[in-house]
Amino acid sequence: MGFLQDAIAIFKKRDVTFIDSYKESEEVYTFRFEKDKDVTWKAGQHGLFTITHKKIKNGIRPITLASAPAENVIQLTLRISNDPSDFKKAMLELKQGMKIRMSGPVGSFYLKDDSPSVLIAGGIGITPFRSMLKQLEAEGNGVGKEIHLLYMDGKNSFVYKDELDEILNNTSIDVTYLDARDDLQKEINKLSSLHGNNGKYYIAGPKSMVESISAHLQSNAISKKSIQKDVFIGY
């Protein structure tokens, strides 16, 4: 989606109705909202979400949609610590039937073509990739595509692992679970050597991780134009 389309999309605001929430793992929560029939997005994009049931400082946040467009729900997954921001506190206060406001979704972090794709997730950065892979599975387009997901989680919690393993059974996508940066770099070295600049490299996670992996790819002669980044900043 180009800049003009994003600019138009960001002005499309709607209230979405809260269904429920549940804990995925330690400090990780999923929130589900009703999806109107006319709401769609490209798997991997994010929306701007506004708390409306109370006034808080910094009440608007960009959040990636973890659900695929083919799913009948808007799903957001957040890491929430024991000392959460006002925004996250307000999310935890939501009750069935309450609403938050969504603008968009927007962004250019989505699969562009049939090039071999290396998806690199750090922790909660798995959310856009869940959306992408669930959409491929729903469309029946996951067979024959060369897609590698490298999922690093130092806490070994691996949010969505059961769902990802099920996708593996229905597609030709492969997933490697990692808990150490050195092991992640070794896998990246293998795949960047295999695909070079014929591949596309998508990185999502904390800013330090995203920038470090991007620099590592470039040191392996991968050009900047072959790298897409989605930085997750704490709320």
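Every number here is computed from the coordinates shown, using simple stated rules; none is lab data. Every value quoted in this text rests on a predicted model; they were computed, and no experiment measured them. Every residue, glycine among them, receives a Cβ derived from its backbone with ideal geometry; neighbour counts consider all protein chains shown.
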Between Arg101 and Asn72, take the C-beta separation as r, use R0 = 25 Å, and let me know the FRET efficiency to the nearest 0.05.
0.80
For Lys229, list long-range residues whose amide hydrogen, built 1.01 Å from N in the peptide plane, is under 5 Å from its own amide hydrogen.
Ile203
I'm checking a number: the convex hull volume of the Cα atoms of the stretch 171-220, normalised per residue, in Å³. What is it?
95
Placing unit charges on C-beta atoms (Lys and Arg positive, Asp and Glu negative, everything else neutral), compute the dipole magnitude of the stretch 173-235 about its Cα centre in debye, rounded to 20.
320
Among bridges DSSP assigns within the chain, what percent are antiparallel (round to 5)?
55
Taking the dipole about the Cα centre of the stretch 138-230, with the C-beta of Lys and Arg at +1 and of Asp and Glu at -1, give me whichever of Ile147, Ser208, Gln218 is farthest to the positive side.
Gln218
Find me the longest stretch of the chain that has none of the exposed trypsin sites (Lys or Arg not before Pro), where exposed means in a DSSP loop (not H, G, I, E or B) with at most 10 other Cβ atoms within 10 Å.
96-235
Note on the stretch 38-89: alpha-carbon gyration tensor, axes a ≥ b ≥ c; rule is a/c under 1.5 for rounded, else prolate if a/b larger than b/c, else oblate; result prolate
What size of dipole, in debye to the nearest 20, comes out for the chain about its Cα centre when the only charges are +1 on Lys and Arg C-beta atoms and -1 on Asp and Glu C-beta atoms?
1080
Dividing the mean separation of Cα pairs under 8 Å (6+ apart) by the residue count of the chain yields a relative contact order in percent of 20
Cα pair distances in the stretch 50-195, grouped into 5 Å bins until the bin that holds the longest one, percent each:
2, 8, 16, 19, 19, 15, 10, 7, 4, 1, 0
Pull out a ≥ b ≥ c, the square roots of the eigenvalues of the alpha-carbon gyration tensor of the stretch 117-226, then state rounded if a/c is under 1.5, prolate if not and a/b is larger than b/c, and oblate in the remaining case.
oblate
Taking the Cα centre as origin and putting +1 on Lys and Arg beta-carbons and -1 on Asp and Glu beta-carbons, what dipole magnitude results for the stretch 144-205, to the nearest 20 debye?
300
Sequence order, the stretch 156-169: Karplus ³J(HN,Hα) from phi using 6.51 cos²θ - 1.76 cosθ + 1.60, θ = phi - 60°, Hz rounded, Gly and Pro as x, gives 6, 8, 6, 4, 6, 4, 4, 5, 5, 5, 5, 4, 4, 6
Computed Kirkwood radius, in angstrom, where 1/r is averaged over Cα pairs of the stretch 1-127:
15.4
What is the Rg over Rh value, at two decimals, for the stretch 58-144, using alpha-carbon atoms and the Kirkwood definition of Rh?
1.01
Just subtract the alpha-carbon distance of Ala215 and Ala138 from 0.36 nm times their residue separation and send over the number in nm, one decimal.
24.4 nm
